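The block underneath contains the structure these notes are about, expressed in structure tokens.
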Amino acid sequence: MTGNMKYDVIVIGAGHAGVEAGLAASRKGLKTLMLTINLDNIAFMPCNPSVGGPAKGIVVREVDALGGQMAKVIDKTHIQMRMLNTGKGPAVRALRAQADKVLYQQEMKSVLEDEPNLDILQGLVDELIIEDNEIRGVKTNIGTVYEGDAVIITTGTFLRGEIILGDLKYSSGPNHQIPSLALADQLKDLGFEIIRFKTGTPPRVNADSIDYSKTEIQPGDDVPRAFSFDKTEFILDQLPCWLTYTSATTHEIITANLHLSAMYSGVIQGTGPRYCPSIEDKVVRFNDKPRHQIFLEPEGRNTKEVYVQGLSTSMPENVQRDMVKSIPGLENARMMRAGYAIEYDALVPTQLWPTLETKKIKNLYTAGQINGTSGYEEAAGQGLIAGINAANKLLGQEELILSRTDAYIGVLIDDLVTKGTNEPYRLLTSRAEHRLLLRHDNADMRLTEIGYDHKLISEERFARFNQKKANIEAELDRLKKVRIKPNAHTQSIIEQRGGTALKDGILAADLLRRPEMDYESIMEILSEDITLKQEEYEQVEVQIKYDGYIKKSLQQVDKMKRMEDKKIPENIDYDAVNSLATEARMKLKEVKPLNIAQASRISGVNPADISILLVYIEQGNVKRTGS
Amino acid sequence: MQFETISSISTPVGEGAIAIVRLSGVDAIEIADRLYSGVKKLSEVDSHTINYGHIVDPTTNETVEEVMCAVMRAPKTYTREDIVEINCHGGIHTVNRVLQLTLNHGARMAEPGEFTKRAFLNGRVDLSQAEAVMDFIRSKTDQASKVANQQVQGRLKTYIESLRQSILNILAQVEVNIDYPEYDDVEEATTSFLLSEAKKVESEIGKLLKSSAEGRILREGLSTVIIGKPNVGKSSLLNYLIQDNKAIVTDVAGTTRDILEEYVNVNGIPLKLVDTAGIRETDDIVEKIGVERSREALKDAELILYVMNNNDELTPEDIELLETVDDKKVIGIINKLDLEQNLDTDYLESHFDIPLIKTSIINGQGVDDLENEIQRMFFDGSISSADSTYVSNNRHINLLEQAKTSIGDAISSAEIDVPVDIIQIDLIKTWELLGEVIGEDVSEQLIDKLFSQFCLGK
């Protein structure tokens, strides 16, 4: 293959997974090519115009702490930002931004363009070039060959994509772009196990045609907020969203036309996500609910398109129009795009190593929706990990596998490669066993060092991070030593907050543990000015207030880490382990877990199988050292 | 290498006059010391010595058992870890209490085959035996899980399932609030809601544990009556049951071997054989105490063993008696198989829905079948003690203890107004532990519940 263009890493696709993968690889110094079907659709949001939310918002911060791009771009281009779950505990608070879709894309494209080691190129990949089960490069539909030592596929919903509207079904990528067909065929021919998933999107309407007086306003927070731990200029000029509801008429229209919905007429075969049902699904499955929420979300500052969140549908266009008009506030709405359902091919993700490399083809990685997930954030997290790992492998460095106790990204990837998924996978906070440790506020504490080790965090930022860490630790130490006296000043502040008066002196940290107290009130009692930054003293507060719970979680984490340390040799022959139960043996052969902890999470592998495996591995170790 | 400390009863349950609770691991001696009271602390005695003393429950200061404690320090032990063996004599109930005390004070219940596994991992067992070790673990586990499964059938299982269901309802409501904060269709799960629900669960778990702690079933046994006409073999059956199964030494005052009641342990199920003296003396309970009184005894009985003679014809009295008793708790025993059959078994089979066991007790034939049948009926709930929902398996008791601690933690957090999602951590733990008792895979249930109960999503 001489005379071809030669790269270290080639990324197929430039969606939310692709851009992170491409940036990570190129920033690690590797010559990287990113191929996309349409250069104008880099980091496109084909569905809702928002980034973040419960679990997902934490992923965005994790991506940032590891040196990814998503947080920085949304910080620059949002139209609204809100902290969710503020009334609940620190573990589940999450930031969510409404994005300016167009600006987001433009900003991301310009970041890619500025990256010296990264070439972005419009082109449709038709073929992977593989020799001896190892990836060598790609070939486009016009016959150009690009050699690459590693390839990352991030095709989203393009792989054999089919759009469905009523009884209409046609081959298409999202938003009526060219689908990727030849590559889909090749993956099947290579023997990859493929699943067919489905997702959908609602109609968009023109803002000028909405009667907002019939809706409720949903403003952003009035405090400046940002995802990234890097310095950001806050956007204070925010646009509101609006809340309305479906009406009885909407439900009548849907029921009367159900036979026309692709979902119910049998046109759709793919499995859709339960957490993102179409409005048809909601009306049918929860027919006792008189109305469903509809959020009207502006798609940007320079467009009048408004996303009708909650109305995802695969009804024919004329029915959609009737449905829209039956919603209070949208009686005269002018539809600009119809909603649609889309089916696409995804790989059964248990075919991947936790590095996101395929088990079948060496140096071939996949990330994002092709791995059975949904969501921009889930895609970004995987893209980043795939990019880092592809680069590290070529550089001969250790690969990065985040544990379930390190990050939501770790939970996500472990779930995928260990358990697989039978519907498009979305992160939920309840998927994490230790969500108290995986908070949005400590994402940088958890992951910045890893990002730094993998050369994606600058020296300057790392120094700032270390300073923050030191400040927090010093303050924690101090509050555990300072005694507060039960004088009139102290008692009055406690009383103001509805607490019971102190009988004796108390350590500042112990007083802070009381539910009614916060850091500010402790400083007031101590008559001191707050010198720490808010994100610093929030850490102090959380770590003191929830100390007992955090310690309990950490004990469990220790146990799991010990099991993670027990590696399973790569060449283990499960057929030689006689006493394993048949189901366990089958599952172990399929998943090929890297360590005992991962093995124990496979459904069908029970504790006895784990014990047997431990004995077997130990036997192997004894043999090796003996010989 | 020393692992965390494990504990289990290392002698077969219900057999032998001495039962041993064995501790192995890094804290074995320390844990034993928390419970042991003797001349010297176990941490101060020489290795490989046996020490006389008592096991005292540190929370109540009650003396539980008079024991001999063998202390063996690593590495010259079976597992190459510190080992303490507590030799008890007081019957199964006391041994269980000693085991529970070790579990409540820092030890973890040993998995099946775990002592042997450790022996291997610590290099005590020869490499060539690895295969045998793995087979051993497999067979021990299969056996243990079979027993454990049998023991959570029936009412206990339903009971725990309903407990888990109420926790799941709370969990789902909290999760929905977290993952879909704007979803307006479900009430915000408040701390006070959580508190009242959690207290209900705690009290239910408490009840379960109380019944097991009292060991009611183990002390009382299933009230069992052996009836039948003269000379059908009732006393042979009685004697056989007593010889074949170690009689239970009970701590109920006044019960001795040959007065009115006899205690036997059949495949781990305790039976209280009623009116045994009557059988011994007259060989005919029905005759001796009169029909009325025998009916009374039958009514109170939890298990009726109705013995018939294979060699006799079926009489109207047989039929009348069988008709008066509750089918569910009767086992028909067709004895004297060695003699010619004159009994109309077809009639019995077609008219009565009771298990029929064919025996020749004199030759010891068929008694195993009888014992297995008793076990089956007990575990599937057909026969049960007056207090039927109880836990007898140590592993289950241990899991329930942990569940109780965990729900207790949730309650104390709720009482000081900790945010619901933090309380949730302990609630989830409780729910998972209860799931372990009934052997349910918990991983996807909560998420399934979320999406089936609530209409979520954009």
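The values are calculated or read from the model by the stated rules, or taken from the named source; none is laboratory data. If you're wondering where the values come from, they're calculated on a predicted model, not measured in any experiment. So basically every Cβ, Gly included, is an ideal-geometry build from the backbone, and we count neighbours across all protein chains shown. Ligands, DNA and RNA are stripped out before the accessible areas are found, and what is left, the full protein with its side chains, is counted by its heavy atoms. Shrake-Rupley method; radii C 1.70, N 1.55, O 1.52, S 1.80 Å.
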* So which of A:K567, A:K551, A:K559, A:K592 ends up being in contact (Cβ under 8 Å) with a residue 24 or more places away in the chain, open to solvent by 40 Å² or more (accessible area, probe 1.4 Å) and on the phi < 0 side of the Ramachandran plot? -> A:K567
* Whichever residue in segment B:337-364 is within 29 Å of the chain's Cα centre (by Cα) and open to solvent by 90 Å² or more (accessible area, probe 1.4 Å) and, among such residues, is modelled with the lowest pLDDT -> B:D353
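Matching residues to (1) more than 14 Å from chain B (Cβ to nearest Cβ); (2) under 30 Å from A:E20 (Cα atoms); (3) in a helix (DSSP H, G or I); (4) at pLDDT 90 or above:
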residue	(1), (2), (3), (4)
A:E398	yes, yes, no, yes
A:D406	yes, yes, no, yes
A:S430	no, yes, yes, no
A:E433	no, yes, no, no
A:N466	yes, yes, yes, yes
A:H489	yes, no, yes, yes
* Asked: For segment A:213-225, what are the residues that are within 14 Å of chain B (Cβ to nearest Cβ), open to solvent by 70 Å² or more (accessible area, probe 1.4 Å) and not acidic (D, E)?
  -> A:I217, A:P219
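Checking the structure you have, find out if any residue of segment A:296-306 is under 15 Å from A:I253 (Cβ atoms), out of contact with any helix residue (DSSP H, G or I) (no Cβ under 8 Å at 6 or more places or on another chain) and modelled with pLDDT of 90 or more.
no
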* For A:S579, indicate whether it is of a type in the set (G, A, S), closer than 30 Å to B:Q129 by Cβ and surrounded by 14 or more Cβ atoms within 10 Å (Cβ to Cβ). => yes
* Would you mind finding the one in A:K188, A:K169, A:K198 that is in contact with a Gly (Cβ under 6 Å, 6 or more places away or on another chain) and either open to solvent by 10 Å² or more (accessible area, probe 1.4 Å) or closer than 29 Å to A:V267 by Cα (or both)? => A:K198
* Wholly enclosed helices (runs of 4 or more DSSP H) of segment A:544-627 bearing at least 3 residues within 10 Å of chain B (Cβ to nearest Cβ) -> A:547-565, A:607-626
* Asked: Given the conditions (1) in a helix (DSSP H, G or I); (2) touching a residue at least 24 places away in the same chain (Cβ under 8 Å), which single one is not true for A:N318?
  -> (2)
* Top-ranked residue of segment B:440-458 - restricted to ones that are more than 10 Å from every other protein chain (Cβ to nearest Cβ) and more than 30 Å from A:P290 (Cα to Cα), ranked as modelled with the lowest pLDDT -> B:V442
* Would you be able to say whether some residue in segment A:445-460 is within 26 Å of the chain's Cα centre (by Cα), open to solvent by less than 20 Å² (accessible area, probe 1.4 Å) and among the charged types (D, E, K, R)? => no
* Asked: Scanning for something more than 9 Å from chain B (Cβ to nearest Cβ), in contact with a strand residue (DSSP E or B) (Cβ under 9 Å, 6 or more places away or on another chain) and crowded, with 18+ Cβ neighbours inside 10 Å, does segment A:521-542 turn up at least one residue?
  -> yes
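Looking at the structure I just gave you, is A:D64 within 21 Å of A:C241 (Cα to Cα), assigned to a helix (DSSP H, G or I) and not basic (K, R)? Talk me through it step by step, then tell me what you get.
Numbers: within 21 Å of A:C241 (Cα to Cα): no; assigned to a helix (DSSP H, G or I): yes; not basic (K, R): yes.
Against the criterion (within 21 Å of A:C241 (Cα to Cα), assigned to a helix (DSSP H, G or I) and not basic (K, R)), A:D64 does not qualify.
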* Asked: Could you list, in sequence order, the residues of segment A:228-247 that are part of a loop (DSSP other than H, G, I, E, B), modelled with pLDDT of 95 or more and of a type in the set (A, V, I, L, M, F, W, C)?
  -> A:L239
* To do: Given the conditions (1) touching a Ser or Thr at 6+ places or on another chain (Cβ under 6 Å); (2) within 14 Å of chain B (Cβ to nearest Cβ), report the number of the one that A:E115 does not fulfil.
  => (2)
* Asked: For segment A:72-89, does any single residue satisfy the condition of being hydroxyl-bearing (S, T, Y), within 14 Å of chain B (Cβ to nearest Cβ) and open to solvent by 30 Å² or more (accessible area, probe 1.4 Å)?
  -> yes
* Residue count for segment A:13-52, restricted to those that are assigned to a strand (DSSP E or B) and open to solvent by less than 10 Å² (accessible area, probe 1.4 Å) -> 7
* **Residue among B:V437, B:V367, B:V418 that alone is modelled with pLDDT under 90, within 28 Å of the chain's Cα centre (by Cα) and more than 21 Å from B:K210 (Cβ to Cβ)** => B:V367
* Structure fact -> Within segment A:210-248, residues being small (G, A, S), in contact with a strand residue (DSSP E or B) (Cβ under 9 Å, 6 or more places away or on another chain) and within 30 Å of A:Q320 (Cα to Cα) number 1
* Positions within segment A:134-153 being open to solvent by 10 Å² or more (accessible area, probe 1.4 Å) and either without any contact (Cβ under 8 Å) to a residue 12 or more places away in the chain or in contact with a helix residue (DSSP H, G or I) (Cβ under 8 Å, 6 or more places away or on another chain) (or both), in sequence order -> A:N141, A:G143, A:D149
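Here is a list: A:I210, A:I235, A:I253. Which entry is open to solvent by less than 40 Å² (accessible area, probe 1.4 Å), in contact (Cβ under 8 Å) with a residue 40 or more places away in the chain and in contact with a helix residue (DSSP H, G or I) (Cβ under 7 Å, 6 or more places away or on another chain)?
Matching residue, one of A:I210, A:I235, A:I253: A:I253.
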* Mind checking which residues of segment B:34-53 are open to solvent by less than 60 Å² (accessible area, probe 1.4 Å), in contact with a helix residue (DSSP H, G or I) (Cβ under 8 Å, 6 or more places away or on another chain) and within 13 Å of B:D82 (Cα to Cα)? -> B:L42
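Would you check which residues across segment A:415-427 are part of a loop (DSSP other than H, G, I, E, B) and crowded, with 23+ Cβ neighbours inside 10 Å and list them?
Going through segment A:415-427, the residues part of a loop (DSSP other than H, G, I, E, B) turn out to be A:420-424, A:426-427.
The answer is A:P424, A:L427.
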* Asked: Given (1) in contact with a strand residue (DSSP E or B) (Cβ under 7 Å, 6 or more places away or on another chain); (2) open to solvent by 20 Å² or more (accessible area, probe 1.4 Å); (3) within 14 Å of chain B (Cβ to nearest Cβ), where does A:H440 come up short, assuming only one miss?
  -> (2)
* To do: Would you check which residues across segment A:289-307 are more than 11 Å from A:Y245 (Cβ to Cβ) and within 10 Å of chain B (Cβ to nearest Cβ) and list them?
  => A:E297, A:Y307
* Hey, B:D126 more than 27 Å from B:T405 (Cα to Cα) and at pLDDT 90 or above or not -> no
* Say whether the condition of being over 28 Å from A:Q555 (Cβ atoms) and not in a helix (DSSP H, G or I) is met by at least one residue in segment B:90-113. => yes
* If you take just the helices (runs of 4 or more DSSP H) that sit entirely in segment B:227-335, which of them hold at least 1 residues that are open to solvent by 30 Å² or more (accessible area, probe 1.4 Å), modelled with pLDDT of 75 or more and not small (G, A, S)? -> B:234-244, B:316-324
